[in-house]
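Got a structure for you, written out below as structure tokens; questions coming shortly.
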Amino acid sequence: MFDNLTEKLQATFKRMRSQGRLTADDVREGLRDVRFALLEADVNFKVVKEFLSQVEEEAVGQDVLDSLTPAQGVVRIVRDHLTTLMGGQVERIKMASNPPTVIYLVGLQGSGKTTTTAKLAKMLKQQGRQPLMVAADIYRPAAVDQLQALGQQIDVPVVFSPGLSPVQLAQEGWQKSRQLAKDVVLVDTAGRLHVDETLMTELVEMHEALPAHETLLVVDAMTGQDAVRVASAFKEKLPLTGVVLTKLDGDARGGAALSIRQVTGLPIKLVGSGEKVDALEPFQPDRMASRILGMGDVLTLIEKA
Amino acid sequence: MAGIWNRLKEGMSRTRNNLGGRLRALFHGKEWDDNLWEELEEILYEADLGVDTIEYLTAALREAVRTRRPRHADDVMDLLREIMVDLFDVPSDPSLLDPQRPSIWLMVGVNGTGKTTTAGKFAALMKRQGYQVILGAADTFRAAAVEQLQEWGVRSGVEVVRQAPGADSAAVAYDTVQAAIARSKDLAIIDTAGRLHNKTNLMQELQKVVRVIQRERPQAPHQVWLVIDATTGQNGLAQAQVFLEAVKVTGIVLTKLDGTAKGGIALSIKRQLGLPIRFVGVGEKVEDLLPFDADSYVRAILGD
Ligand SMILES: Nc1nc2c(ncn2[C@@H]2O[C@H](COP(=O)(O)OP(=O)(O)OP(=O)(O)O)[C@@H](O)[C@H]2O)c(=O)[nH]1
Ligand SMILES: Nc1nc2c(ncn2[C@@H]2O[C@H](COP(=O)(O)OP(=O)(O)OP(=O)(O)O)[C@@H](O)[C@H]2O)c(=O)[nH]1
Ligand SMILES: [Mg+2]
Ligand SMILES: [Mg+2]
């Protein structure tokens, strides 16, 4: 495992040590390497600042100063804190005690909502549920065709009726779930900007017409500093219950995950790891922490091989 | 032009938190003092400019402040704007269409950035300018990608070359070039599937598309547009680098600037790889594609 950050920190400490023993100030200075690593990983600037002030005390502690491998010590502390901040454990999708469970997928344009809707339907089906999907993106060219094609692939029915509004389609989805004896209604919504008042209101109205058990914000792992603003705006308007982080099969470090978790408190429930309908996995905070620090996602890679 | 950029500026300043507003509040009327550095840095980070570029900008600005000794913080902002505009260093009126006809354009990029939408917008834009355009649906992989482009063909009044889903994308690209030649088109725009740059097999598939096009037209593709989403963080640089190496990208289209993301990674891409930003996407409608203008862009993100 090529361990960039630890190596960098080792070099920094080595430089300092040449002037004698490592001091608390040296370690504080060394945390600059961590700061840059987090910023390069797209963790929000403010979150980085707050985070570093939290780990500083522990990082400049006697244990690290006396250690023969202070760089490893600091990185371990940083990684452990990151893991805890990201939730510590795996979070599940909650099912209604009184079916059907209603799940909305919302988010910015192109983040992966439609694909994730189908992936989630497939996952639930494999768990013995009877899902149904609602094609409520009536705006983007061929968005309905896309969900229908995916529905065919995974053999899950898709509710759509030309002329109906997204609010009506949500209601139609519920009706159909009763008729067809389905126990999960997954609503794929159109991509929208968090600053688009009209479209944000539409989502609110959909939730009024058909209340949600889960409303998942779908976020692209490549997102930069804006992630926090987007997630906060969606959360302000909607009863968000969690986040799906997509396109983790890329090489983005995915600092957005930490930023969103830290600022909104929303758990990251699932991650998308490919374009195919089975590329959906539970979120693993410890792996994500290593990834954000540029220490690779070794376990996931091994599982893939 | 000016009106359109005002629209972008409006779009970008829709949030109270926008960069321009904060910089203005930070600088306006204040005597310059060194404490402003940290705050300036923070604002640049939030625009996704990234560590390297921010260090470059602040070093250049410090130097300018040292030599030109501005009294007021407002003047510092003017200096910063100059430095940023200089970085873009766009050739005046770079021509889009190669004299060779048909010109072949290729849309490339990672998943979901706006390739298909931009292909549709390009088709409409070039048609409005009087050119004969044809679209090629070489994304044969993603569900209903062909139907999506087909709909853009209808919107822009442009014919779409397509094959059945699952067909070889290089074969569709070849068909498109053939059709463009046979029907004396000025321009063929070929849409491709989204692909993450770290997937070697998919990047090789894209290289195959290029090779097949070159069988008919060795000089083609005349433009390879890398479409980058303005919300993209530091990964944008790796994307640009790998696509540039694989298929000789000629220009960037920066999409979704109508949100609150500033697309600062585009400045880093320009600075570090020399790839020019040529167009920006500011919405989902056919007319929401604007030629990039460095001065207006920097003004839009820093505020006037
Ligand atoms: N590599 C990879 N691609 C993904 C993943 N999830 C989605 N995609 C791709 O990202 C692109 C956009 O996905 P969509 O599901 O259409 O996104 P959307 O949010 O529904 O988009 P709009 O409806 O246009 O807002 C497609 O090319 C998908 O195949 C993922 O986990 N990994
Ligand atoms: N707000 C906004 N949305 C845009 C812009 N450009 C594209 N979109 C939207 O972004 C989403 C993805 O656009 P596509 O054109 O499908 O992206 P793509 O790169 O072709 O996606 P794949 O082929 O799946 O990789 C769609 O919902 C578009 O309507 C833009 O400039 N502004
Ligand atoms: Mg969709
Ligand atoms: Mg596309």
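Identify the residue in the range A:117-158 that is more than 14 Å from A:THR189 (Cβ to Cβ) and among the charged types (D, E, K, R) and, among all such residues, is farthest from ligand 2 (Cβ to nearest atom).
A:ARG129
Matching residues to (1) surrounded by fewer than 18 Cβ atoms within 10 Å (Cβ to Cβ); (2) hydroxyl-bearing (Ser, Thr, Tyr):
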position: A:TRP174; (1), (2): no, no
position: A:ALA209; (1), (2): yes, no
position: A:ASP220; (1), (2): no, no
position: A:VAL228; (1), (2): no, no
position: A:LEU238; (1), (2): no, no
position: A:THR246; (1), (2): no, yes
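Here's something else I'd like to know. With respect to A:MET133, is the statement that it is away from ligand 4 (no atom under 16 Å from the Cβ), touching a helix residue (DSSP H, G or I) at 6+ places or on another chain (Cβ under 9 Å) and within 30 Å of A:ALA24 (Cα to Cα) true?
When the stated conditions are applied, A:MET133 does not pass them.
On to the next question. Would you confirm, using the coordinates I've provided, whether B:ALA173 is more than 16 Å from ligand 3 (Cβ to nearest atom), more than 24 Å from the chain's Cα centre (by Cα) and among the small types (Gly, Ala, Ser)?
So B:ALA173 fails the test.
Any chance you could count how many residues in the range B:164-184 are under 8 Å from B:THR140 (Cα atoms) and modelled with pLDDT of 95 or more?
Total satisfying the criteria: 2.
What residue, among those in the range A:248-266 that are away from every other protein chain (no Cβ under 13 Å) and polar (S, T, N, Q), is surrounded by the fewest Cβ atoms within 10 Å (Cβ to Cβ)?
A:THR264
Do you know which residues across the range A:77-117 are more than 27 Å from A:GLY224 (Cβ to Cβ) and away from ligand 1 (no atom under 16 Å from the Cβ)? Don't jump to the end; show me each part of the working.
Looking only at the range A:77-117, we keep the residues that are more than 27 Å from A:GLY224 (Cβ to Cβ), and these are A:89, A:92-103.
Within the range A:77-117, A:GLN89, A:ARG92, A:ILE93, A:LYS94, A:MET95, A:ALA96, A:SER97, A:ASN98, A:PRO99, A:PRO100, A:THR101, A:VAL102 meet the criteria.
Looking at the range B:144-247, what helices (runs of 4 or more DSSP H) fall wholly within it and have at least 3 residues that are buried (at least 23 other Cβ atoms within 10 Å of the Cβ) and within 15 Å of ligand 4 (Cβ to nearest atom)? Can you show your working first?
Details: elements: B:145-156, B:169-182, B:200-216, B:235-247.
Output list reads B:145-156, B:169-182.
Restricting the search to the range A:22-39, which residues are within 14 Å of chain B (Cβ to nearest Cβ), of a type outside the set (A, V, I, L, M) and out of contact with any Lys or Arg (no Cβ under 7 Å at 6 or more places or on another chain)?
Within the range A:22-39, A:ARG32, A:ARG35, A:PHE36 qualify.
Quick check on my filter: what residues within the range B:127-143 are crowded, with 20+ Cβ neighbours inside 10 Å, more than 14 Å from chain A (Cβ to nearest Cβ) and over 22 Å from A:GLY274 (Cα atoms)?
B:VAL133, B:ILE134, B:GLY136
Which one of B:VAL172, B:VAL161 is away from chain A (no Cβ under 14 Å), without any contact (Cβ under 8 Å) to a residue 40 or more places away in the chain and under 24 Å from B:LEU196 (Cα atoms)? Steps first, please.
Working: B:VAL161 fails: under 24 Å from B:LEU196 (Cα atoms).
The conditions single out B:VAL172.
Run B:GLY233 past the list (1) touching a helix residue (DSSP H, G or I) at 6+ places or on another chain (Cβ under 7 Å); (2) closer than 19 Å to B:ALA170 by Cβ; (3) at the interface with chain A (Cβ under 10 Å from one of its Cβ atoms) and report the number of the one that doesn't hold.
(2)
Consider the range B:270-304. How many of its residues are at negative phi and more than 14 Å from chain A (Cβ to nearest Cβ)?
24
Working only within the range A:146-172, note down all residues that are crowded, with 20+ Cβ neighbours inside 10 Å and within 16 Å of ligand 4 (Cβ to nearest atom).
Within the range A:146-172, A:GLN146, A:LEU147, A:LEU150 qualify.
Output the residue which, of all residues in the range A:120-142 that are assigned to a helix (DSSP H, G or I) and surrounded by fewer than 24 Cβ atoms within 10 Å (Cβ to Cβ), is nearest to the other protein chains (Cβ to nearest Cβ).
Looking at residues that are assigned to a helix (DSSP H, G or I) and surrounded by fewer than 24 Cβ atoms within 10 Å (Cβ to Cβ), I get A:LYS122.
Would you point out which residue out of B:ASP86, B:ASP98 is closer than 25 Å to B:LEU289 by Cβ and at pLDDT below 95?
B:ASP98
Report yes if B:GLY112 is within 12 Å of chain A (Cβ to nearest Cβ) and at pLDDT below 95, otherwise no.
No: the conditions fail for B:GLY112.
Shifting gears a bit: Could you grab the pairs with beta carbons closer than 9 Å, sequence gap of 6+ or different chains, first residue in the range B:106-117 and away from ligand 3 (no atom under 14 Å from the Cβ) and part of a helix (DSSP H, G or I), second one modelled with pLDDT of 95 or more and of a type in the set (A, V, I, L, M)?
B:LYS115/B:MET107; B:LYS115/B:VAL108; B:LYS115/B:ALA193; B:LYS115/B:VAL227; B:LYS115/B:VAL253
Hey, any hits in the range B:191-207 for a residue that's away from ligand 2 (no atom under 16 Å from the Cβ), touching a residue at least 40 places away in the same chain (Cβ under 8 Å) and within 13 Å of another protein chain (Cβ to nearest Cβ)?
no
Follow-up question, since we're still on this one. When only residues in the range B:248-277 that are more than 16 Å from ligand 1 (Cβ to nearest atom), within 23 Å of B:LEU96 (Cβ to Cβ) and of a type in the set (Lys, Arg) count, which is surrounded by the fewest Cβ atoms within 10 Å (Cβ to Cβ)?
It comes out as B:LYS248.
Looking at (1) crowded, with 20+ Cβ neighbours inside 10 Å; (2) more than 14 Å from chain A (Cβ to nearest Cβ), find the lone condition where B:ASP78 falls short.
(1)
Something else: Any residue at all in the range A:101-116 that is part of a helix (DSSP H, G or I), under 25 Å from the mean Cα position of the chain (by Cα) and away from ligand 2 (no atom under 16 Å from the Cβ)?
no
For the range A:177-190, give me the residue count where each residue is crowded, with 16+ Cβ neighbours inside 10 Å and either more than 19 Å from A:GLU208 (Cβ to Cβ) or touching a helix residue (DSSP H, G or I) at 6+ places or on another chain (Cβ under 9 Å) (or both).
The total comes to 9.
The values are calculated or read from the model by the stated rules, or taken from the named source; none is laboratory data. Model, not experiment: these values are computed from the prediction. Neighbour counts run over all protein chains shown; Cβ positions are idealised from the backbone, glycine included.
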